[in-house]
Amino acid sequence: MTHRTDRMVHWAGWIIALYGCAHTIGALTVEGAASHAGAWFSGALWNESFSAMSPAGSAFWFSLDSFGIPLILIGLIVVWMYRKDISPPAFLPWCLIGWTIIDATVLLLTPWPLMLIAEILLVVGIRRSDRKRSRGRRSAESGNLQGRVTSRVDIETADQ
């Protein structure tokens, strides 16, 4: 199958999904958030407030309720769209870029440059895909137009 969706879109999707996986798995294992799972499922967080967050609540928000899982879903949806030859909407990488800039400003020493690379790949890939599609549409339209003109010429010639 010939893809009109640029391969950069495919790579960007995988990078975004892997970033989300690394964050979630890293928080659960390396940072030890999983050690609080007993508290999470016992209802200990039900009456907790953000202003007085317990270590278990903090670990929950850092791991399972963080941005990691939504990024996995966004990345996999982008990969799925690539496989279906659907170009993702252009607003998606721009929203993610805005989010990454805030992250970079607040938390300088995080792996945000990896996300920025994926988002730039996504912007460029979407633009290339859109150009390929518009070129394909124009050539199809000109082919149809040319076919119609040829048909009229043939009809006029046949009438004479």
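The values are calculated or read from the model by the stated rules, or taken from the named source; none is laboratory data. It should be emphasised that the depicted structure is a prediction, and the values quoted were computed from it without experimental measurement. Heads up, the Cβs are rebuilt from the backbone with ideal geometry, glycines too, and the neighbour counts pull from every protein chain shown.
For segment 53-64, the tally of residues that are over 16 Å from S42 (Cβ atoms) and not small (G, A, S) stands at 3.
With respect to the conditions (1) over 21 Å from L18 (Cβ atoms); (2) out of contact with any Ser or Thr (no Cβ under 6 Å at 6 or more places or on another chain); (3) surrounded by fewer than 15 Cβ atoms within 10 Å (Cβ to Cβ), D85 lacks only one, and its number is (2). Of the residues in segment 108-120, at least one is touching a Pro at 6+ places or on another chain (Cβ under 9 Å) and of a type outside the set (G, A, S). Of all the listed residues (T2, T24), the sole one being of a type in the set (S, T, Y) and modelled with pLDDT of 95 or more is T24.
When you check T110 against the structure, is it buried (at least 16 other Cβ atoms within 10 Å of the Cβ) and of a type in the set (S, T, N, Q), yes or no? Criteria not met by T110. Listed residues R127, R137; which is over 30 Å from G26 (Cα atoms), surrounded by 11 or more Cβ atoms within 10 Å (Cβ to Cβ) and modelled with pLDDT of 60 or more? Of R127, R137, the one residue that is over 30 Å from G26 (Cα atoms), surrounded by 11 or more Cβ atoms within 10 Å (Cβ to Cβ) and modelled with pLDDT of 60 or more is R127.
Note on segment 9-102: enclosed helices (runs of 4 or more DSSP H) holding 3 or more residues that are in contact with a helix residue (DSSP H, G or I) (Cβ under 8 Å, 6 or more places away or on another chain) and within 30 Å of S134 (Cβ to Cβ) are 68-83. Would you confirm whether or not segment 118-139 contains a residue that is under 18 Å from T5 (Cβ atoms) and of a type in the set (D, E)? Yes, segment 118-139 contains at least one residue that is under 18 Å from T5 (Cβ atoms) and of a type in the set (D, E).
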